[in-house]
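Asks: Shown below is the structure under consideration.
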Amino acid sequence: MPARLAEIVEHTRGVVEAARSARPEAELRSRAMDGESPRPFAASVRRSQERAGIIAEIKRMSPSAGVIRPEGSRWSGDHPSDRGIGFEPEGIAERYLLGGASAISCLTEEKFFGGSLSYLARVRSACPLPVLRKDFVLGSYQVWEARAAGADAVLLIAECLLGADGSAGLIEDLTLLSESLGMSTLIEVHDAWSLECVAHLVGPEAPASRLLGINNRDLRTMRTDLGHLERLVPSVPDVGRLVAESGIRTTADLDRLGSAGVRMALVGEHLMRQEDPGAALAALLGRGVDGA
């Protein structure tokens with residue numbers, strides 16, 4: 001595991017233990033079961049009628065890029081949701097909806113990514129799209145926590161969850177728990193070894209609520225390369241559930257992915273750097289902000 005990822009995972013373990021002490025899992029379970037039913041995250045992305053099903057990300061900062069969207073960033077326009085806001089999850093989610101997003105990814109990790117668990121409910125209340133909790137999920141507590149907070153899906157990063165011998169038992173357990181709660185899962189891999197380890201969980205016969213993400217970012221150099229995904233596609237057991245992550249900036253990038261059979265993508269940093277993330281998403285999809 002790369003040093004920065006190991007640092008984040010170790011910090012997350014402490015955060016989870018503190019949260020568990022403050023709010024026992026039994027309390028989360030009760031809240032999760034009493035909430036609204038999850039929205040169909042995977043189905044929404046897979047059935048998109050756009051050039052690609054886009055999971056548009058709300059991301060304030062990252063360890064490699066620093067602050068991506070300053071609090072004072074603004075956009076202007078005559079639509080009611082053009083609030084002249086900076087980093088406001090609700091307003092950004094509304095713009096993503098107008099721009100053609102199929103779902104929302106919301107960073108909830110606080111120290112390294114400037115996120116908050118509270119963003120999930122805020123985004124969900126402002127926008128009808130299903131919402132993914134993007135965080136470093138390490139165990140069942142965070143899955144229950146995600147559902148209690150209103151998440152419709154969770155990200156499971158293989159590099160954080162695989163055993164040293166490549167065993168994927170923990171990923172399978174967390175996937176099954178998520179499915180029992182009606183949630184989708186996005187199982188993310190960064191390399192060929194991790195893909196091989198989780199391939200049996202995302203084959204053609206797997207539940208439709210499971211998506212496989214290939215991240216084009218090299219965790220050691222932090223560089224992105226769409227060719228990375230293209231080289232791994234032949235090893236993917238079901239390309240129909242494959243989501244491209246990182247490095248997608250242009251319509252040409254989406255068309256390139258489409259040529260490899262990939263019609264879903266998670267896009268964050270590029271959109272969050274733009275004055276109007278929704279207009280940027282519409283341009284990426286080759287459409288107008290209101291669908292024209």
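The values are calculated or read from the model by the stated rules, or taken from the named source; none is laboratory data. Remember, it's a predicted structure, so these values are computed and weren't measured experimentally. We place every Cβ from the backbone using ideal geometry, glycine too, and count neighbours over all the protein chains shown.
Asks: Could you tell me which of the residues Leu177, Leu138 is at pLDDT 95 or above, part of a loop (DSSP other than H, G, I, E, B), hydrophobic (A, V, I, L, M, F, W, C) and out of contact with any strand residue (DSSP E or B) (no Cβ under 7 Å at 6 or more places or on another chain)?
Replies: Leu138
Asks: Within the group Arg287, Arg231, which residue is among the basic types (Lys, Arg) and either touching a Leu at 6+ places or on another chain (Cβ under 7 Å) or at pLDDT 95 or above (or both)?
Replies: Going through Arg287, Arg231 in turn, just one is among the basic types (Lys, Arg) and either touching a Leu at 6+ places or on another chain (Cβ under 7 Å) or at pLDDT 95 or above (or both): Arg231.
Asks: Restricting the search to the range 175-189, which residues are more than 17 Å from Leu28 (Cα to Cα) and touching a residue at least 12 places away in the same chain (Cβ under 8 Å)?
Replies: Passing the criteria: Thr175, Ser184, Thr185, Leu186, Ile187, Glu188, Val189.
Asks: A further question on this structure: Scan the range 154-174 for residues that are of a type outside the set (Asp, Glu) and in a loop (DSSP other than H, G, I, E, B) and report the count.
Replies: Looking only at that region, the number is 6.
Asks: Continuing with this model, one more query. Failed condition for Thr185, given (1) outside any strand (DSSP E or B); (2) in contact with a Ser or Thr (Cβ under 9 Å, 6 or more places away or on another chain), with all others met?
Replies: (1)
Asks: Conditions: (1) hydrophobic (A, V, I, L, M, F, W, C); (2) outside any strand (DSSP E or B); (3) touching a strand residue (DSSP E or B) at 6+ places or on another chain (Cβ under 8 Å). Ala252 meets all but one. Number of the miss?
Replies: All conditions pass for Ala252, except number (3).
Asks: Only one residue in Ala93, Ala151 is small (Gly, Ala, Ser), more than 19 Å from Leu242 (Cα to Cα), in a loop (DSSP other than H, G, I, E, B) and within 17 Å of the chain's Cα centre (by Cα). Which one?
Replies: Ala151
Asks: To continue, here is another question. Do we find a residue being out of contact with any strand residue (DSSP E or B) (no Cβ under 7 Å at 6 or more places or on another chain), among the acidic types (Asp, Glu) and surrounded by fewer than 23 Cβ atoms within 10 Å (Cβ to Cβ) anywhere in the range 147-165?
Replies: yes
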